[in-house]
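Below is one structure; the comments refer to it alone.
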Amino acid sequence: MRHITPAPGERPPAGAGASSDEASALAALLRRSARGDADSFARLYDVTSARVYGLVLRVVRDPSQAAEVTQDCYLQVWQQSTRFDAERGSVLSWMLTMAHRRAVDRVRSAQAATERESRYAVREPREARDVGETVVDVLEAERVRKALGTLTSIQREAIELAYLGGYTHTEVARFLDIPLGTAKTRLRDGLIRLRDSFGGERR
Amino acid sequence: MTDNDSTHALTGAYVLDALEPGELAAFEAHLFVCPDCREEVRSVRTAVLRISAVSAIEPPPELRASVLDLIAGVRPLPPLPEQTDVQDDRGVEEPAAVDGGPRPIDLAAERDRRDGHSRRLNRWRAVAAAAVVVALVAVGWGLLRDDDPLSREAVAVPSESEVALAELLEAPDLEVYASGEDSASRGAVLRSEATGTAAAILQDLPGLQSGQVFQAWAIADEAPVSAGVFETGDGATTVMLEGDVGTAEVVAVTIEPDGGSDQPTGDIVFQVATATS
């Protein structure tokens, strides 16, 4: 496995694609949380909440709903902390996977399709300017944008609509006015290219 | 990627949570039997999660207090006992979140243990059941009739098998056994003591000559008992199994002459150990 090498003095970003140190630090916080250590859980929240909340917000759009979904998600993390299996991926991956599914469930169950389409604006991703953090996170966002930039515009739009927009692939096909089979293929090709442009960090 | 390319092509949409509800359960059933897709899902998931770096934004400060307040009144679940089979327990409420495929075994066990999460779980399982049924209609569903044990024929889309499968998927004690390297064809056996039923999801079955059928066997104490005969046009099918599969240690499928055999005579094309640990 190859990692993007951080510049001297920088920490690699926490989470998916993070160093094993970061990942095991999160795993340690989670383990202590599992035994009821609320302070560790608070630290886990501090380290991960911008990623989790930001992703949920991007999908559901409405800040109060995003807060609600995020809260549900952390409750689930707390309750199920003993069920996390490090063999299967990092803590942040686990949390983000959970959060994304919850966000998507929320928008789909409450879907007033016409309303959402009129509000749709994901093609111009909002800058994460409020993220008061660290150079590290900014750099990670930059890397991801760069990797997304290596995709064809159809691939990128399809992936953003699906992941950040929370749309199904059928809806993505309609948005982009392409056949359903093409949408499936673009999503898959695009992700494979994205994976490869991240440097083949496969597991 | 030789068969059913359209199913393989869904890995991307799956990782992005972009499958239609009706497709999700069917694709997860496919993941059970397709190591290629499991590996692909695993390999792209990390990349997908990194996308969230571009949307990172600090939550409202009051959310922190609210979360910490909330969890203060909730007890973390105890650890699960060690798992002894291919399944694991991650993402109890999140069947689709698990790279290795869905794992109804633990989901069902969990449901008994934890009332708090049963609603969502039930909903997923109901959706899964409906979706699998829909998917099976599409691939050609074979029903094993039990009126004459040796002349049971596959019948297209019978409603009783839909019901039986739906009940099986809903079973509180659903067990799933995925085939391993020792099986020529890929597949999984689903079984529940509560419903007393079992089903096999099969893929990559070899072609049949005319005058041949597939026959499923439930094997306990090295004695095979027929679990029904079936055919499939495209090598992929899901069938409800007949007879007493509940105590079987192995479920196998062989190729037999039309009408089936009393004892297996042909090559074993699928097998999976179903001994309870």
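The values are calculated or read from the model by the stated rules, or taken from the named source; none is laboratory data. No experiment lies behind these values; they were computed from the predicted model shown. Using ideal geometry, Cβ is built from the backbone for each residue, glycine included, and neighbour counts are taken over all protein chains shown.
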request  = Hey, could you check segment A:175-192 for residues that are more than 9 Å from every other protein chain (Cβ to nearest Cβ) and more than 20 Å from A:R58 (Cβ to Cβ) and say which is surrounded by the fewest Cβ atoms within 10 Å (Cβ to Cβ)?
outcome  = A:D177
request  = Go through segment B:5-37 and count every residue that is facing chain A (nearest Cβ under 10 Å) and in a loop (DSSP other than H, G, I, E, B).
outcome  = 7
task = Of the numbered conditions (1) at pLDDT below 90; (2) part of a helix (DSSP H, G or I); (3) touching a Lys or Arg at 6+ places or on another chain (Cβ under 6 Å); (4) not acidic (D, E), A:L29 fails exactly one; give the number of that condition.
result = (1)
inquiry  = If I ask for residues that are facing chain B (nearest Cβ under 8 Å) and farther than 15 Å from A:L30 by Cα, which ones from segment A:67-87 would you list?
reply    = A:A67, A:T70, A:Q71
task = Test each condition in (1) among the acidic types (D, E); (2) surrounded by fewer than 23 Cβ atoms within 10 Å (Cβ to Cβ); (3) farther than 14 Å from A:A162 by Cβ for B:E23 and report the one that comes out false.
result = (3)
ask   = Which of the residues spanning segment B:54-74 are closer than 24 Å to A:Q79 by Cβ, part of a helix (DSSP H, G or I) and within 7 Å of chain A (Cβ to nearest Cβ)?
value = B:L63, B:R64, B:S66, B:V67, B:L68, B:L70, B:I71, B:A72
request  = Evaluate segment B:247-258: report whether one residue or more is surrounded by 24 or more Cβ atoms within 10 Å (Cβ to Cβ) and part of a loop (DSSP other than H, G, I, E, B).
outcome  = yes
request  = Kindly indicate the residue of segment B:205-239 that is of a type outside the set (D, E, K, R) and without any contact (Cβ under 8 Å) to a residue 24 or more places away in the chain and also surrounded by the fewest Cβ atoms within 10 Å (Cβ to Cβ) among those meeting that condition.
outcome  = B:S210
query = Within segment B:38-50, can one find any residue that is within 16 Å of the chain's Cα centre (by Cα) and more than 7 Å from chain A (Cβ to nearest Cβ)?
reply = yes
